[in-house]
Structure formats: C-alpha cells, structure tokens
Amino acid sequence: AQKITQTQPGMFVQEKEAVTLDCTYDTSDPSYGLFWYKQPSSGEMIFLIYQGSYDQQNATEGRYSLNFQKARKSANLVISASQLGDSAMYFCAMKSYRDSSYKLIFGSGTRLLVRP
Amino acid sequence: AAGVIQSPRHLIKEKRETATLKCYPIPRHDTVYWYQQGPGQDPQFLISFYEKMQSDKGSIPDRFSAQQFSDYHSELNMSSLELGDSALYFCASSLKAAGVYGEQYFGPGTRLTVT
C-alpha cells in the first residue's frame, strides 16, 4: 500500500531564511510521482512542484526545490528565502503507476509559520 | 487559462438534507477526481471518473453518489447529511495520458457545513 508520512505537524521559520519540510513515502511501485501542494488559510490547493521517480535531477520551481533521495524514499521540500506569504499548510502527495486511476495519496501536512 | 470550477463555493445544510456539488473540469481533461478534506485533516480520495465512467472509488459513504455527464462536468450528490460530512470538498481534473507525471488541477473547493 502507498503511504506518505509528514512528521512535522508545525514549523516556524524566520523571514528570508530557508526551510525544509520533510516527506517520506512508501510504495513498491517503481514508477510514481511525488507532489507538493500549498494550502493557505483560504483553503485552495496550490500546486508547487513535482518529482518523477525516474527523474535524475531534483526538481526546482523558483524558490521551491525538492530534495529527492530515492534510496531513502524521501522527497523533502526546500523553500528558500521564506516570505510571510509562505505561511500555510503544506501537503506532500504521491500517485503510483499501478494505481490506474492515478489518484493522489496525501500526507497529514505540515503547517508552516513565517515570522517577520 | 481556464481552471477547474466548483459550485457552490459555500453550502449550509441541515442534518438529513441533501446536497449537490458541481464540478466543471478544465476543457479537454478526461479525468475528474473528488476529495473530501475534514477540518484539520488531509484530503481523502472519494471517487474518480475517466471518460464519464467511474474509474476508482475510495472511502465514499453509500449516502454519496457521483456521476460525470456528457459535457464532462461532474456532480457529487450527498443525501441524509450528517454533521461529520462538514468538510471542504475538492474536485480535481487531469489528463489520464499524463499518468503519474501529470499534475492534478484542483478547483477552489466547496465548503459544506452541516448544522
């Protein structure tokens, strides 16, 4: 069975500093995708970044980068130069090739608070 | 660019009433997903449709039903509402051909409150 684990229920970071949000996953499928979503207090789910299991390089999108360590089954999100607007809930999610519907399985999330 | 549209955005119902949530996927997307997010919880998969046929089913109560219509919009019907049904309901759409590499595009959600 697929599973996503986020062990940090909440985190603080100082504005302009970098922060790493942890995500580990469990799957026996060699083909899968890992996603990070941001959910501000308004509730919408905002896609941030994606990593495929066969990707050789870590994904980057602006201030977001994904530290993908396949052997450790981890896909940590790194946010550089934190901004006050980064305060939100962050979800790590996965979908697996063997699951033909390609539904997303989410972790429990990490609430990030950026301090001025 | 067109996004996923959900209506209504907010809905207040009483126990035992019925609710219908609507989702309009991004044009040309062939797959629709419904997720339920309870307060303080992560989104949980309810049901999905591919080309108007149900493709997968999660922990969806028997009181709930859903379908996808010929124009690809989808509706989630919820009957005999319970207090525990209060949640944020997301619809997402994608292209099945994108497989595990494709992003799911989420709508803004419908916040259902059952009193």
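What follows draws every value from the coordinates through simple rules; no lab data is involved. Keep in mind that this is a model prediction, so the values were computed, not measured. All Cβ positions, glycine included, derive from the backbone under ideal geometry; neighbour counts span all protein chains shown.
Shape summary: the protein assembly as shown maps onto an equivalent ellipsoid whose semi-axes, from the alpha-carbon gyration tensor, are 29, 21, 15 Å in decreasing order. Note on chain B: dipole from Cβ charges, positive end direction compared against B:GLY3, B:VAL114, B:PRO25; the farthest Cα belongs to B:VAL114.
Calculated FRET efficiency, B:LEU83 to B:ILE5, Cβ-Cβ distance, R0 = 30 Å: about 0.60 to the nearest 0.05. When chain A is treated as a GNM, springs tying every alpha-carbon pair under 10 Å, which of A:ILE105, A:ILE46, A:ILE79 comes out with the largest mean-square fluctuation? Top of the fluctuation ranking is A:ILE46. Cross-link reach is defined here as a Cα-Cα straight distance under 19 Å, omitting same-chain residues fewer than 8 places apart; for B:LYS52 the aspartates and glutamates meeting it are A:ASP99, B:ASP30, B:ASP71, B:GLU75. The C-alpha radius of gyration of chain A, expressed as a fraction of 2.2 N^0.38 Å, stands at 1.03.
In this Cβ point-charge picture (+1 for Lys and Arg, -1 for Asp and Glu), chain A has a dipole of about 160 debye about its Cα centre.
Fraction of C-alpha pairs exceeding 14 angstrom in the stretch A:24-76: 53 percent, rounded to a whole number. Between A:GLN8 and A:PHE47, the modelled label-to-label distance comes to 2.4 nm, taking each label 7 Å out from Cα in the direction of the beta carbon. Measuring from centroid to centroid over Cα atoms, what is the spacing of the stretch B:55-115 and the stretch B:23-40 in Å? If you average the Cα positions of each part, the centres end up 5 Å apart.
Fraction of C-alpha pairs exceeding 18 angstrom in chain B: 45 percent, rounded to a whole number.
Residues of the stretch B:14-37 with backbone nitrogen within less than 16 Å of a virtual label 7 Å along the Cα-to-Cβ line of B:GLU75, please, listed as ranges. Backbone N within reach: B:18-25. With the convex hull drawn around the C-alpha atoms of the stretch B:1-55, the volume per residue stands at 121 Å³. Pairs over the 29 Å Cα-Cα cut-off, from the set A:LYS103/B:LYS22; B:LYS15/B:LYS96; A:LYS73/B:LYS96; A:LYS38/B:LYS22; A:LYS38/B:LYS57: B:LYS15/B:LYS96.
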